[in-house]
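Where a number appears in this text, it was derived from the coordinates with a stated rule and is not lab data. Every value quoted in this text rests on a predicted model; they were computed, and no experiment measured them. Glycine also receives a Cβ, built like all others from the backbone with ideal geometry; neighbour counts cover every protein chain displayed.
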Amino acid sequence: MSTPRSTSWVRNLKRDKYLLLLFLPCLLYYLIFKYAPIFGIVIAFKDYNLYRGILESKWVGFKWFELFFQSPDFFSILKNTFLLGFYKLIFGFPAPIILALLLNEVRNSFLKRFVQTVSYLPHFISNVIVAGIITMFLSPRIGLVNNLLDLIGLERINFMVESSWFRTIYVSSDIWQHLGWGTIIYLAALSAVDPQQYEAARIDGANRWKQTLHITLPGIAPAIMVILILDIGRVLEIGFEKVFLLATPVVYSKADIISTYVYRVGLSEGRFSYATAIDLFMGIISFIFILSANGISRRVSGNSLW
């Protein structure tokens, strides 16, 4: 005889069967491509041999972690990865919030939709194309930027071989590429703010700035904190593609990060265990970051992921 709880579960399953069917591809994607490969991290503790396989390879404990910590490249690539992620967080995180607040003040619906469309289109452009655009715009001979510098009487700069410019190029291009997409989240949060609060504020004599400060920002604060926590957890997860496409050996002093280093030692040199150990180490650091950010946010603002 079925219990009331099990009957309720079956009834809910029948009621939501079409929603669950729509969710199924997403569930399968994460199970196959995110959770199933987790077993592979065991090779970080083995001397992995391609012919013996994972189970038959020899255990070596923390050998590869120690080798990475003692590597002369350790502090260099860790510093490059952290600084690139930190600059991206500092300059990239506020950008969509500012754009969303500005668009929220626009009363012309056509202009608002036009700016939204133009700003989020770059998100759908491949990183290969973005890297090509950057390279052409910054070309020392025919690039638009250098032509403008030449026009105002300044010396041309070969940006792509100047290591001091790499972080600026990467962060600014990343902001341009993802600014509009991030704005969508905050515009959705803004739509949930009660319009009656603005009416009451106007009656009390509050100007646009005070309305933004005391109504708009508090209204989207939960969304801001959630995105901030997730972004802090991704500080060290700098995208491989764009860095790999933009970087050259000449600028490796500033451009060589964890993902490009793992690519070289893991795929190019075939040191799979060493590369897995590095990636696992960075995953643990990112996990600590997101736990810390979530705990601080919960204590300070009362908003958190869990």
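Brief remarks follow.
- Among the lysines of the chain, pairs at least eight places apart or on separate chains and with Cα atoms under 19 Å apart come to 8.
- Taken along its principal axes, the alpha carbon cloud of region 1-105 reaches lengths of 63, 59, 24 Å, longest axis first.
- Region 89-156, dipole about Cα centre (Lys/Arg Cβ +1, Asp/Glu Cβ -1), debye to the nearest 20: 220 debye
- Taken as entire DSSP H runs, the helices of the chain that both span 27 Å or more between Cα atoms along their own long axis and average 0.0 or more on the Kyte-Doolittle scale are 163-190, 272-300.
- Computing volume of the Cα convex hull per residue in Å³ directly from the structure and comparing it against (1) 133; (2) 152; (3) 244 singles out (3).
- Computed log₁₀ I(q)/I(0) - Debye formula, equal Cα scatterers, no solvent, region 219-294, q 0.26 Å⁻¹: -1.13
- Highest mean packing comes first when the peptides 270-279, 101-110 are listed by Cβ atoms within 10 Å, giving 270-279, 101-110.
- Sorting 119-130, 195-206 by average packing, meaning the other beta carbons within 10 Å per residue, from highest down gives 119-130, 195-206.
- Sequence ranges 53-62, 14-23, ranked by mean other-Cβ count within 10 angstrom, highest first: 53-62, 14-23
- Total charge dipole magnitude, region 1-108, about the Cα centre, Cβ charges on Lys, Arg, Asp, Glu only, Debye to nearest 20: 580 debye
- The charge dipole of region 172-258, taken about the Cα centre with unit charges on the Cβ atoms of Lys, Arg (+1) and Asp, Glu (-1), comes to about 200 debye, rounded to the nearest 20.
- Among LYS63, LYS210, LYS79, the largest mean-square fluctuation in a Gaussian network model of the chain (Cα springs under 10 Å) belongs to LYS210.
- With the helix formula -39500 (n - 2.57) applied to DSSP H stretches of n ≥ 4, the chain reaches a computed 222 nm mean residue ellipticity of -20500 deg cm²/dmol.
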